[in-house]
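Trainee: One structure coming up, written as structure tokens, with questions to follow.
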Amino acid sequence: MNEAIQLSSRLKAAEPKIRAIHVSTYIPRECGIATYTKDLTSAINILNPNFLADIIAIDDTTPGKRLPNYPWEVKYKIEQENKDSWLAAAEYINQSGTDVVNVQHEFGICGGNMGEYCLDLLKAIKKPVVITLHTVLPQPGQPMKKLIKKMAHEADAVAVMINAAAERLVENYGLDPDKIVVIPHGVPDIPFGPTLPAKRRLNLPEVNIISTFGLMSPGKGYEYAIEAMPQVIEKHPKTKLLIIGETHPVVKRKEGESYRRKLERLVKKHSLQNSVGFINRYLSLEQLIEYLRATDIYITPYIGLDQASSGTLSYAIGAGKACISTPYIYAKEVIGETRGLLVEPNNPQDLAEKIINLLDHPKKRNKIAHNAYMFGRAMTWPNVALRYLDLFELVKNDAKDNS
């Protein structure tokens, strides 16, 4: 009995006990990184229930912008374009009992020139820091290169989502490879299975569903998907393209719905009203998963090829979908040779041919989908959360050893 008690005590002592503060945009702000941080911290909380994650939320305080009504876990807020607010957040962190800080970095959310206020934050924090870089451009200008290098110097670890981004940081930015760790983008644990039940639950037609989702902006390349559809439906008339998601709030504020109107005109021009549908709203995770489960082919026809992460493509891979994408850096790595097809950017002809190829060969499509699903098992949120907890423990212990 004593041995059982001793073993139970040792097991309890081995439970994760990491206090962490996460600096990021956060739900309900409509931002991919906000969703990412919510999903990540929810998974971490399940594995680390003794110390639930605290959030410092980055607010878009543009005049006239309605501020989000945050959930309880948001303990402090940063005004995105106010440098003093970033420094005040560092003081809040320093006075807290946190063991480690995880900063989600994206140039567009950090305030200042190229997001330089994030560097001010890092310099002022006196706790171990892990910074997660969502964008790593291949050919940075000298100011950007210097900024990333300085941020990495202030951090204890730099996390990226693919090996190619890690290689860029070493070769193009001059970062220390010993400081860099690759942790994949997380995905929900979605059962692998047929699409028909989800189509029926969503009242979708029982046809081939091609889908793409995310906050709409001109860089998504949706016009090329629409232009590919006449050739697709000529060969496979029972096919529908779904473009899911509302317009990105920043794009909407600056340009209104001009891009969406352009796409709608393109649909009308090609008489595709019955073959292309728009779902113009921000979907909950549960709704998003349903549409993914109803999808036969998932596409990301993005125009820019420097994107080092993509939550939408990650989710499609994790759901076991046959994916077709332009060869931006993230897609090239996660699709690889066996988990989808790559197409030339800005080329509706190539996209149409690849879609037709997968519709012509359902066995090939199913094999690709299965390969994607198996690859995505390592990307499920519990696995990603465990990697982050291990990393937090490492930087915490290293900081203790060096103190």
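The values are calculated or read from the model by the stated rules, or taken from the named source; none is laboratory data. The model shown is predicted, which means the values in this text are computed figures rather than measured ones. Neighbour counts run over all protein chains shown; Cβ positions are idealised from the backbone, glycine included.
Trainee: Does any residue of the range 214-230 turn out to be farther than 28 Å from ARG377 by Cα, of a type in the set (Val, Ile, Thr) and not assigned by TED's automatic domain parsing to the domain that holds ARG66?
Mentor: Yes, the conditions are met somewhere in the range 214-230.
Trainee: Any idea which residue in the range 12-62 is surrounded by the most Cβ atoms within 10 Å (Cβ to Cβ), counting only those that are small (Gly, Ala, Ser) and assigned to a loop (DSSP other than H, G, I, E, B)?
Mentor: ALA53
Trainee: Search the range 268-287 for residues being surrounded by fewer than 20 Cβ atoms within 10 Å (Cβ to Cβ) and among the aliphatic types (A, V, I, L, M), and hand back the single one that is nearest to LYS238 (Cα to Cα).
Mentor: Selected residue: LEU272.
Trainee: When the residues of the range 79-109 are narrowed to those that are of a type in the set (Phe, Trp, Tyr) and either out of contact with any Leu (no Cβ under 7 Å at 6 or more places or on another chain) or closer than 26 Å to GLU393 by Cβ (or both), which ends up surrounded by the most Cβ atoms within 10 Å (Cβ to Cβ)?
Mentor: PHE107
Trainee: Now, a different point. Determine whether the range 294-302 contains at least one residue that is surrounded by 14 or more Cβ atoms within 10 Å (Cβ to Cβ) and in contact with a Phe, Trp or Tyr (Cβ under 6 Å, 6 or more places away or on another chain).
Mentor: yes
Trainee: Taking the range 350-370 as the search range and keeping residues that are surrounded by fewer than 19 Cβ atoms within 10 Å (Cβ to Cβ) and of a type in the set (Asp, Glu), which one is nearest to GLU337 (Cα to Cα)?
Mentor: By that ranking, first place goes to GLU353.
Trainee: Of everything in the range 278-296, what is of a type in the set (S, T, N, Q) and touching a residue at least 24 places away in the same chain (Cβ under 8 Å)? Give them in sequence order.
Mentor: ASN280, THR295
Trainee: Another question, then. Applying the selection to the range 321-341, what residues are in contact with a strand residue (DSSP E or B) (Cβ under 8 Å, 6 or more places away or on another chain), within 24 Å of ILE190 (Cα to Cα) and either of a type in the set (Ser, Thr, Tyr) or surrounded by 16 or more Cβ atoms within 10 Å (Cβ to Cβ) (or both)?
Mentor: Listed by number, the residues that qualify are LYS321, ALA322, CYS323, ILE324, SER325, ALA331, ILE335, ARG339, GLY340, LEU341.
Trainee: Which of (1) closer than 20 Å to CYS110 by Cα; (2) over 13 Å from the mean Cα position of the chain (by Cα) is the odd one out, the single condition SER42 does not satisfy?
Mentor: SER42 satisfies all of (1) closer than 20 Å to CYS110 by Cα; (2) over 13 Å from the mean Cα position of the chain (by Cα) except (1).
Here's the yes/no breakdown for (1) assigned by TED's automatic domain parsing to the domain that holds ASP39; (2) of a type in the set (Ser, Thr, Tyr); (3) touching a Gly at 6+ places or on another chain (Cβ under 9 Å); (4) on the phi < 0 side of the Ramachandran plot:
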position	(1), (2), (3), (4)
GLN287	no, no, no, yes
TYR291	no, yes, no, yes
PRO301	no, no, yes, yes
ILE329	no, no, no, yes
ASN347	no, no, no, yes
LEU359	no, no, no, yes
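Trainee: Which one of MET144, MET216, MET114 is touching a Pro at 6+ places or on another chain (Cβ under 9 Å) and modelled with pLDDT under 95?
Mentor: MET114
Trainee: Among the residues of the range 110-124, are any buried (at least 22 other Cβ atoms within 10 Å of the Cβ), closer than 16 Å to ILE21 by Cα and touching a residue at least 60 places away in the same chain (Cβ under 8 Å)?
Mentor: Yes, some residue in the range 110-124 is buried (at least 22 other Cβ atoms within 10 Å of the Cβ), closer than 16 Å to ILE21 by Cα and touching a residue at least 60 places away in the same chain (Cβ under 8 Å).
Trainee: Something else about it: So which of ILE303, ILE299, ILE356 is in contact (Cβ under 8 Å) with a residue 40 or more places away in the chain, in a helix (DSSP H, G or I) and more than 14 Å from the chain's Cα centre (by Cα)?
Mentor: Criteria check complete, one pass: ILE356.
Trainee: Considering only residues that are under 17 Å from the mean Cα position of the chain (by Cα) and part of a loop (DSSP other than H, G, I, E, B), which ones fall in the range 182-237?
Mentor: ILE183, PRO184, HIS185, GLY186, PRO188, ASP189, ILE190, GLY214, LEU215, SER217
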